[in-house]
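All of the numbers you see were taken from the coordinates with simple rules; none came from a lab. Note that the structure is a prediction, hence the values are computed from the model and not measured. For neighbour counting, all protein chains shown are included, and Cβ atoms are generated from backbone atoms with ideal geometry for every residue, glycine included.
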């Protein structure tokens, strides 16, 4: 007769003020499953980050990946779900799984929740934007390329054409600020601006209730663009500050705190 395998657990003596705590043993199969799952995620993620897999590339099917890694299709499915949550892949029903470029959207929601817990306000976000965007605008004025200028010009024209569509206007407005950050040549600044600006998009949509806001916003962004074009560092910084001061003024007037 075989002796049953002992299930180990951690305990603390109940003598005195100590309390005994039982910790269930983790099965070997569960640990193995967890390791295989993370191994698949790490290996595919590494191929994406290194450029071996590029945006638009299609991953092999679940069955093919399961055979390649020697795991179950369930483990592959969980790994794909994890990669999708990171914004590294997109699952299109009936078509397959494709590599994508992660965006700030995948972090913005978590940051929004953190700000809610910390009682962060629109005023706090605008203060952070001023600390970041004013010097960023000045740096963009010195480093911008002709391609950056063309993109900014196109976005300004988009903003002009979206007089009747707050959602599309705000999308172009946000892209304008991201392009300014990209013009610095520093990808860290570009990511930071995406994350910070995303925190007030919902409130920004309410700005359209303010008198003549569309025309005012166009003028402020046009001023920023012209000073960037002229490589006027101090002028660009001043123009960005005027823009953010205006946003703060409108938020206050509309009670968007």
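Couple of notes before you dig in:
- Solvent-free Debye scattering, log10 I(q)/I(0), computed from the Cα coordinates of region 105-254 at q = 0.11, 0.14 Å⁻¹: -0.39, -0.64
- Mean Cβ neighbour count within 10 Å, used as a protection proxy, ranking 93-103, 131-141, 224-234 highest first: 131-141, 224-234, 93-103
- Relative contact order (%) - criterion: Cα under 8 Å, at least six apart; region: region 105-254: 35 percent
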